[in-house]
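The numbers here are math on the coordinates, done by the rules we state, and not lab data. Quick caveat: nothing in here was measured; it's all calculated off a predicted structure.
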Amino acid sequence: MSALSFDTRYFRTALGRFATGVTVVTAETPDGVPVGLTVSSFNSVSLDPPLVLWSLSRNSASLAVFDACDRYVVNVLSASQADIAMRFARGTSAERFDGLGTGRAPDGTLTLDDNCAAWFECRNRSQYVEGDHIIMVGEVLHCGHRDIPPLVFHAGSFDLTPANPA
């Protein structure tokens, strides 16, 4: 099938049938300016060594920061943080942090506040160019979690229903 006959919108809708968690990946420029963006393409890669991946558009204004940074944090948003997901999906990176509580992971990497369901402080291990995105592989240095439901994105919107008890 040629690229011209492929229906990209239909493909995106089909992908939307797969529910994903929602994260905000945070880092800082060399001079300490915070950078963050909403990412739903987060996944585990390996337990030994502990590796995770996420992807970033090659057109992202934040690409240079994430390409060059030594560490970043993947903040897994909780079900109560849909507003944070929307904030980090639009606007400029500087505006995204206005009035928002932040913290530091054990090695000093910028994190969001403690309302997140989980977080992973990662060493920027490797990157792979594939199509219109860069696949970022992070080696997990530290992580944490809380016993709260995560924010879920499905079929173009957030699923705000509480998680079913186990």
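Quick notes on this one:
- Two numbers describe the Cα atoms of the chain: Rg and Dmax, which are 16.0, 49 Å.
- When the chain is treated as a Gaussian network with alpha carbon springs shorter than 10 Å, the biggest mean-square fluctuation among Asp114, Asp132, Asp31 belongs to Asp31.
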